[in-house]
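The values are calculated or read from the model by the stated rules, or taken from the named source; none is laboratory data. Keep in mind the model is a prediction, meaning the values are calculated, not measured. Cβ atoms come from the backbone with ideal geometry, glycine included; neighbour counts cover every protein chain shown. We work out accessible area using only protein heavy atoms, side chains counted, and drop any ligands, DNA or RNA first. Shrake-Rupley method; radii C 1.70, N 1.55, O 1.52, S 1.80 Å.
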Amino acid sequence: MSASPAVPTVVKLGGSCLDGLDSTWWDDLARHGRERPLVLVHGWSKPLKRLDPRYSEPSAILRDRYGNQSRWTTPEVIDDIKTVSAVLAEDVLARLEGRGITAERLIGSDGLVGAGDGERWWWREKQLVELENLVGPITGVDPAPLKNLQPGHAYLVTPLARNAAGQEVNTDADRAAAAIAGATGASDLVLVTDVGHLLIDGRPVRRISAEDAAAFRDKGAKGGMRKKLRAAGEALERGVDRVVIGSAAVTELLDGTTGTLITDAHASGEGAGA
């Protein structure tokens, strides 16, 4: 599948795997970026835990009445996210610019990503209690700030959002990447993580339909993979052609060499080995 040079590729960089992306990975991304505009959306989980050990404690994570997990986000946490994201962004932009890709950073809450009201009831010490948690579901993306989408240029997005009350809120980075991919007309969304494939019954999945991925998401997927599968479904619903999940170079993930490909087309590739 080929796409117009003006059509961006959106890449979600998992916060847990950024340290493990070596120079050859960045070389590959730069080669791809010379042919297609890049929008990179980064996570921050590992840098945040390095900043303060309390972010690694179980109490830092909340679970709502529906079983969904969320980082307990206060104004202080927002500030810490911005602190670690600024350091991360400096490193990523330097890696790209050193390879001939001009790059700039955007914070999603600065007019790019909008959010709705978040859940207010959370489990604490085996009781449902009302808490102010500065998180919210993404309600829309205004691509206007991404005004220089062209080959040879990249945007790095910190996936914070702003709600109708004007509050800056935390959002899920995978789902933010999916929303941005849809809003920019991207043909591809690449979710780079620390696992090589989606696993079902312990076996790597090379290709799966959106329908089958959603069924596994609701019945068998856990933790971060559950969110990635939700993001994949949302991206495809927004017009993205394909979503790839994996830990390899972007070119290898897009050409099907490795990783898990998710499309709207029905596929029965659950048992294909890596």
Can you tell me how many residues in segment 94-112 are open to solvent by 60 Å² or more (accessible area, probe 1.4 Å), part of a helix (DSSP H, G or I) and in contact (Cβ under 8 Å) with a residue 40 or more places away in the chain? 1
R34 vs (1) farther than 22 Å from A179 by Cβ; (2) of a type outside the set (G, A, S); (3) buried (at least 21 other Cβ atoms within 10 Å of the Cβ): all pass except (3)
When you look at D80, is it assigned to a helix (DSSP H, G or I) and touching a helix residue (DSSP H, G or I) at 6+ places or on another chain (Cβ under 8 Å), yes or no? yes
In segment 181-204, how many residues are modelled with pLDDT under 90 and of a type outside the set (A, V, I, L, M, F, W, C)? 7
Please pick out the residue among R242, R230, R217 that is among the charged types (D, E, K, R) and within 13 Å of the chain's Cα centre (by Cα). R230
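Does segment 56-77 hold any residues that are open to solvent by less than 70 Å² (accessible area, probe 1.4 Å) and either part of a loop (DSSP other than H, G, I, E, B) or touching a residue at least 24 places away in the same chain (Cβ under 8 Å) (or both), and which are they?
Within segment 56-77, L62, D64, G67, N68, S70, R71, T73, T74, V77 qualify.
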Open to solvent by 40 Å² or more (accessible area, probe 1.4 Å), modelled with pLDDT under 95 and touching a Leu at 6+ places or on another chain (Cβ under 7 Å): does that describe R207? yes
From G182, G140, grab the single residue that is of a type outside the set (F, W, Y) and over 14 Å from P8 (Cβ atoms). G140
Looking only at strands (runs of 3 or more DSSP E) that lie completely in segment 156-196, which have at least 2 residues being open to solvent by less than 10 Å² (accessible area, probe 1.4 Å) and in contact (Cβ under 8 Å) with a residue 40 or more places away in the chain? 160-163, 188-192
Which of the residues that make up segment 138-149 are open to solvent by less than 70 Å² (accessible area, probe 1.4 Å) and not small (G, A, S)? I138, V141, P143, P145, L146, N148, L149
Checked against (1) under 27 Å from A154 (Cβ atoms); (2) at pLDDT 95 or above, P75 satisfies every condition except (1)
Go through segment 118-127 and count every residue that is in a strand (DSSP E or B) and exposed (fewer than 12 other Cβ atoms within 10 Å of the Cβ). 1
Being surrounded by 20 or more Cβ atoms within 10 Å (Cβ to Cβ) and farther than 16 Å from G140 by Cα is the filter here; which residues of segment 234-246 pass it? R242, V243, V244, I245, G246
Mind checking whether some residue in segment 151-163 is in contact with a Ser or Thr (Cβ under 7 Å, 6 or more places away or on another chain), over 30 Å from E35 (Cα atoms) and among the basic types (K, R)? yes
